[in-house]
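Reading through the structure tokens given below for one structure.
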Amino acid sequence: MTSASTLRHKAEAEAGRLPPLLARADHLAGTVLLGDHGRRRAGLGDDFWQYRPVQQGDSRRLIDHRRSARGDQQFVREREWQIAQSVMLWVDRGASMRFASDDSLPTKADRARLLGLASAVLLVRGGERVGLTGTNLPPRRGRNQILRLAEMFSEDAEDDYAPPEHRAMIPHARALFISDFLGPMEEVEVALTKAADRGVRGVLLQILDPSEEEFPFRGRTIFESVGGSIHHETLKAGELRQRYLDRLAARRDWMERLTRTTGWQMGLHLTNNSAQSALLWLWTALNRGA
């Protein structure tokens, strides 16, 4: 028989192996008050949902005779709709995501990974299968899948901008793409078009540093990409501000048109805002698409 002391040491050892990202994602997911799972509805399944009075057109075999025997009215026993959908995640691992304009702010990558993993925790708790786009980690349920996601989210790509993975899209699934979406947009269009062709609906969440949204730069400034592939020096950064903001707005308009055309939803999150507010929005958006 295993002693309490041995069990405690085993538990502490297991907890020590959990990546810090997972601990933070668990905590963040725990702050979201879910109530009943948003996909709960009548249909095929094993779990009891509710009794309702017999209606015209109901088969007699659906009548619950034990419940009906309590009174003069006949009742049907409805069961919960339990066909859990697959949800595929893509969290941008490109070098551009490893940017923060201030030491007090998280990098875009840190916030993206946290929100992606916290969303996965909530989805798995809701009975969904969750995995990555592509073929490396197909959607599954369970705590072990969350651990695998946490491990894979910790990997970085070398290129400044990483295109979304759009292979092996599961028909009629849902998807969540999280990125700054500052790189070439052709691959994003290909990914969403392929998804729409397969009946996949999803959510794009653009994550930006507040400096990328406001462009507060003045005077002599050196702009350099995190990966080092882009370098630009100017003596009058303030004169670039309006041109930059116009291009950012045009890109966002293009993304919004693309999501409307493909049946997706789009959101914006700045890293100086709370992660909880972004997770609440994501949870609502994903359930609207259920």
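Mind ranking 261-268, 243-250 by how tightly packed they are, going by the mean number of other C-beta atoms within 10 angstrom, highest first? Let's see the in-between values first.
Numbers: 261-268: 17.2, 243-250: 11.6.
Output ranking for 261-268, 243-250: 261-268, 243-250.
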Problem set entry | Relative packing of peptides 134-140, 173-179 - highest average C-beta neighbours within 10 Å first | 173-179, 134-140
Seminar exercise, completed: Under the Karplus relation with 6.51, -1.76 and 1.60 and θ = phi - 60°, whole-Hz ³J(HN,Hα) for the stretch 90-100, x at Gly and Pro, equal 10, 10, 4, 10, x, 5, 4, 6, 8, 10, 9
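For the pair R198 and I63, what calculated FRET efficiency results from E = 1/(1 + (r/R0)^6), where r is the Cβ-Cβ distance and R0 = 41 Å, to the nearest 0.05? Walk me through the numbers on the way to the answer.
Values: r = 40 Å, r/R0 = 0.97.
Once rounded, the FRET efficiency stands at 0.55.
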For this session: Provide the gained length on full extension for the span Q73 to A168, in nm with one decimal, where the gain is 0.36 nm per separating residue minus the Cα-Cα distance.
Result: 29.1 nm
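No value in this document is a laboratory result; all are computed from the given coordinates. Remember, predicted model here, so these are calculated numbers, not experimental data. Every residue, glycine as well, gets a Cβ built from its backbone with ideal geometry; the counts of neighbours run over all protein chains shown.
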